[in-house]
Amino acid sequence: VDNPAGSYCAGSTPVAVTFKNYGVNTLTSLTINWKLNGVTQTAYNWTGFLSSGSSQQVTIATYNFTGGTYSIKSWSTSPNGGADGNPYNDTTILNNIQSGMSGTYQIGGWPQSYASIGAAISDLNLRGLCGPVTFNLVDSTYSESIALLSITGASATNTVTFKSLSGDSSKVIINASTGIDLNSSRFIRVQNMTFNNSTYFVY
């Protein structure tokens, strides 16, 4: 399952899968079945020309994702209109597809969205962005490793901001002695926070 992969943005989204011809004969037709959260969807009937060992991506549907977590199961049947000689490699399941992040989240304190910066970044790296995101940090010293990947959906519009909830930079201390790995991340903003002398950045 290629799309949506780990995350999606709410709205009409193409559902795409890749299939491979593991048989000896050229593949000219195939039925691609799929379920969304256990509910059977309309099958996609593919026709074409796919030689042995080759693969192809197809969009099998467009679905209006509205929020929450999804799972997609996809499997193939009827290669060239007949039975499959090896039905044990025909199914794939992708679980825990979540909506991309957007809006304001709180790190620490109560009510909190995340207990730590690392937990927030883990979600950010997994889910990507569907809009600008702000993480408000409650007054505290945060001693942890920080590593940001290249964030899916980040742009000049969809930025990520880390800032002090109180607005007092002296009360939000970042103690990342192992460094802050930005890993080529872009569109990251930091406001009203203090980094101690041992913290360094890796780009």
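The values are calculated or read from the model by the stated rules, or taken from the named source; none is laboratory data. Keep in mind the model is a prediction, meaning the values are calculated, not measured. Note that we place each Cβ from the backbone using ideal geometry, even for glycine, and neighbour counts take in every protein chain shown. Ligands, DNA and RNA are stripped out before the accessible areas are found, and what is left, the full protein with its side chains, is counted by its heavy atoms. Shrake-Rupley method; radii C 1.70, N 1.55, O 1.52, S 1.80 Å.
Has segment 162-182 got any residue that is surrounded by fewer than 16 Cβ atoms within 10 Å (Cβ to Cβ), part of a loop (DSSP other than H, G, I, E, B), touching a strand residue (DSSP E or B) at 6+ places or on another chain (Cβ under 9 Å) and modelled with pLDDT under 85?
Here is the first cut: in segment 162-182, the ones surrounded by fewer than 16 Cβ atoms within 10 Å (Cβ to Cβ) are 166-170, 175, 177-179.
In the following step, the residues that additionally are part of a loop (DSSP other than H, G, I, E, B) were identified as 166-168, 175, 177-179.
Of the ones still in play, those that are also touching a strand residue (DSSP E or B) at 6+ places or on another chain (Cβ under 9 Å) are 166-167, 175, 178-179.
Cutting the leftovers down to modelled with pLDDT under 85 gives us 178-179.
Checking segment 162-182: at least one residue is surrounded by fewer than 16 Cβ atoms within 10 Å (Cβ to Cβ), part of a loop (DSSP other than H, G, I, E, B), touching a strand residue (DSSP E or B) at 6+ places or on another chain (Cβ under 9 Å) and modelled with pLDDT under 85.
Can you tell me how many residues in segment 43-75 are more than 20 Å from Pro4 (Cα to Cα) and not in a strand (DSSP E or B)?
Qualifying residue count, segment 43-75: 4.
Please verify whether segment 183-190 includes one or more residues that are among the charged types (D, E, K, R) and either within 30 Å of Cys9 (Cα to Cα) or buried (at least 18 other Cβ atoms within 10 Å of the Cβ) (or both). Outline the logic, then answer.
From segment 183-190, those among the charged types (D, E, K, R) are 186, 189; that's our starting set.
Adding the requirement that they be either within 30 Å of Cys9 (Cα to Cα) or buried (at least 18 other Cβ atoms within 10 Å of the Cβ) (or both) leaves 186, 189.
Checked against the condition, which is being among the charged types (D, E, K, R) and either within 30 Å of Cys9 (Cα to Cα) or buried (at least 18 other Cβ atoms within 10 Å of the Cβ) (or both), segment 183-190 yields at least one hit.
Give the residue that is farthest from Ala10 (Cα to Cα), with candidates limited to residues of segment 138-161 that are open to solvent by less than 40 Å² (accessible area, probe 1.4 Å) and either among the basic types (Lys, Arg) or not in a loop (DSSP other than H, G, I, E, B) (or both).
Only one residue fits best here, namely Tyr142.
Select from segment 113-137 the residues that are polar (S, T, N, Q) and either in contact with an Asp or Glu (Cβ under 6 Å, 6 or more places away or on another chain) or surrounded by 15 or more Cβ atoms within 10 Å (Cβ to Cβ) (or both) and list them in ascending order. I'd like the intermediate steps shown before the answer.
If we filter segment 113-137 for residues that are polar (S, T, N, Q), which is where we start, we get 113, 116, 122, 125, 134, 136.
Answer for segment 113-137, where residues must be polar (S, T, N, Q) and either in contact with an Asp or Glu (Cβ under 6 Å, 6 or more places away or on another chain) or surrounded by 15 or more Cβ atoms within 10 Å (Cβ to Cβ) (or both): Ser113, Ser116, Asn125, Thr134, Asn136.
Can you find even one residue in segment 109-129 that is under 19 Å from Thr26 (Cβ atoms), modelled with pLDDT under 95 and part of a helix (DSSP H, G or I)? Steps first, please.
From segment 109-129, those under 19 Å from Thr26 (Cβ atoms) are none; that's our starting set.
No - not one qualifying residue is present in segment 109-129.
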